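Structure record follows, encoded as structure tokens.
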Amino acid sequence: MPEVHAFRRDELRALLAKTGADAALVTRLVNVRYLTGFTGSNGALLVTADAAVLATDGRYITQSELQAPDVERTIVPAVATGLAERAAKNGVERLAFESHDVTVDLAEALATAGPSLTKLGRAVETLRAVKDDEEVTLLREACAVADRAFARLLPSLRAGRTEKEVGRELEALMLEEGGDGPSFETIVASGPNSAVPHHRPTDRVLQHGEFVKLDFGSLYQGYHSDMTRTVALEPVADWQRDVYALVADAQAAGRAALAVGAVCGDVDKAARDVIVAAGHGADYTHSLGHGVGLEIHEAPTLRAGATDTLADRTPVTVEPGVYLAGRGGVRIEDTLVVRADAEPELLTTTTKDLIVL
Ligand code: ZN
Ligand code: ZN
């Protein structure tokens, strides 16, 4: 939909005006995609007040025409410096670039290419935090794929299987449910491994009486879903029920704190306070959540001390955890969309009651 991309480039121009630059050079590929629709592995975009030029290499002539028909396209071997030279030729005096993305070598090359440089900052990432209806639709389906795959996995999630087997089956089920691939490396963590926040699946065999923590998601037309559920293989001990209930309470508090205008650090605190009050603050070692979209982790970040605020139509994850080394851990993660004048929309619909298998 070219009009969507044109609208986004106009939004960028409005931000660009504040930097004092007369053009923006976008080099992060995911940002180029957001602003043009182009998904190739090499590309850069020059946005001036009245034009947009997409640079790529010879492999992508046809693809760039199809995906980004409404921008001028140029084929150059070095896309970023090529566009900087072009900007200089077109009279651009001050070029804003994505200094958080480029290497020192590229920054030096850009500096000699022509216009004086200034930082664009994370302007495109900031725009990307707020989703349009089409993006929310894609995220909703990405989340639904993961929910459906998880429901189908449960009958075969049992003692005797290995973490790797379970992970492979879950990824296959997401593909069957219409996903385009896992949105990140699937986490299946059993027993003591569940106390490791980002454990990679091993050949460890699932045992009775253990937690199994699964953190996974599906890609759907470029958008990523992200959910975590922790199940218990019977019998379930009292300490397991207690830890699970605590994390569920904290997760509910985090979800309840989501609102337009809410300060990200306050949302983190709402959930964290529940865990700290129960004496497990030291067992919760990461931030509460993150934005999600064209990347699995994107702005905003729900972490202690963050001062930015949530805007309408911002999807975020809410994923507190308590990890007891050597015993086991619980994380519960949903993706929600913050909405003005409405409750946050819950995109992850799998139950948060403890599932005992
Ligand atoms: Zn996750
Ligand atoms: Zn996450």
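The values are calculated or read from the model by the stated rules, or taken from the named source; none is laboratory data. Since this is a predicted model, take the numbers as computed values, not measurements. Because the Cβ atoms are built from the backbone with ideal geometry, glycine has one as well, and the counts that use them run over all protein chains shown. Heads up: the accessible areas ignore ligands, DNA and RNA and are worked out on the full protein's heavy atoms, side chains in. Shrake-Rupley method; radii C 1.70, N 1.55, O 1.52, S 1.80 Å.
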- Note on the structure: Counting only residues in the range 189-226 that are out of contact with any helix residue (DSSP H, G or I) (no Cβ under 9 Å at 6 or more places or on another chain) and of a type outside the set (Val, Ile, Thr), the one nearest to ALA172 (Cα to Cα) is identified as ASP215
- Message: Looking only at residues that are within 13 Å of ligand 1 (Cβ to nearest atom) and in contact with a helix residue (DSSP H, G or I) (Cβ under 9 Å, 6 or more places away or on another chain) in the range 171-188, which one is most open to solvent (accessible area, probe 1.4 Å)?
- Response: GLU185
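Condition check ((1) of a type in the set (S, T, N, Q); (2) in contact with an Asp or Glu (Cβ under 7 Å, 6 or more places away or on another chain)) across all residues:
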{"position": "ARG161", "(1), (2)": "no, no"}
{"position": "LYS164", "(1), (2)": "no, yes"}
{"position": "GLU169", "(1), (2)": "no, no"}
{"position": "LEU175", "(1), (2)": "no, no"}
{"position": "GLY179", "(1), (2)": "no, no"}
{"position": "SER183", "(1), (2)": "yes, yes"}
{"position": "PRO192", "(1), (2)": "no, no"}
- In the list THR307, THR301, which residue meets the criterion of being free of Cβ contacts under 8 Å to residues at least 60 places away in the same chain, out of contact with any Pro (no Cβ under 8 Å at 6 or more places or on another chain), more than 16 Å from ligand 1 (Cβ to nearest atom) and of a type outside the set (A, V, I, L, M, F, W, C)? THR307
- Which one of HIS199, HIS224 is at pLDDT below 95 and of a type outside the set (S, T, N, Q)? HIS199
- Item | Residues of the range 191-206 satisfying the condition of being under 11 Å from GLY329 (Cβ atoms) and not in a loop (DSSP other than H, G, I, E, B) | GLY191, PRO192, ASN193, SER194, ALA195
- Task: May I ask you to verify whether LEU16 is within 12 Å of LEU120 (Cβ to Cβ), out of contact with any Cys (no Cβ under 9 Å at 6 or more places or on another chain) and either open to solvent by 10 Å² or more (accessible area, probe 1.4 Å) or in a helix (DSSP H, G or I) (or both)?
- Result: yes
- Considering residues that are assigned to a strand (DSSP E or B) and within 15 Å of ligand 1 (Cβ to nearest atom), the number found within the range 310-357 is 13
- Message: Take the residues in the range 313-357 that are closer than 19 Å to SER218 by Cβ and polar (S, T, N, Q); name whichever of them is surrounded by the fewest Cβ atoms within 10 Å (Cβ to Cβ).
- Response: THR351
- Query: Which residue out of LEU45, LEU120, LEU66 is over 30 Å from GLY289 (Cα atoms) and buried (at least 18 other Cβ atoms within 10 Å of the Cβ)?
  - Reply: LEU45
- Take the range 276-309 and flag every residue that is touching a strand residue (DSSP E or B) at 6+ places or on another chain (Cβ under 6 Å) and not in a loop (DSSP other than H, G, I, E, B). ASP283, GLY289, HIS290, GLY291, GLU298, ALA299, PRO300, THR301, LEU302, THR309
- Item | When residues of the range 207-242 are limited to those that are in a helix (DSSP H, G or I) and open to solvent by 10 Å² or more (accessible area, probe 1.4 Å), the one nearest to LEU354 (Cα to Cα) | ARG241
- Item | Sole exception among (1) within 13 Å of ligand 1 (Cβ to nearest atom); (2) out of contact with any Pro (no Cβ under 6 Å at 6 or more places or on another chain); (3) among the β-branched types (Val, Ile, Thr) for VAL292, by number | (2)
- Which residues, counting only those in the range 273-307, are within 15 Å of ASP334 (Cα to Cα) and within 11 Å of ligand 2 (Cβ to nearest atom)? SER287, LEU288, GLY289, HIS290, GLY291, VAL292, ILE296, HIS297, THR301, LEU302
- Item | Cross-chain or 6+ apart pairs with Cβ under 7 Å, the range 280-297 first and not assigned by TED's automatic domain parsing to the domain that holds PHE216, then away from ligand 1 (no atom under 13 Å from the Cβ) and open to solvent by less than 40 Å² (accessible area, probe 1.4 Å) | none
- Item | Lone unmet requirement of (1) away from ligand 2 (no atom under 16 Å from the Cβ); (2) over 24 Å from THR349 (Cβ atoms); (3) of a type outside the set (Ser, Thr, Tyr) for VAL231 | (2)
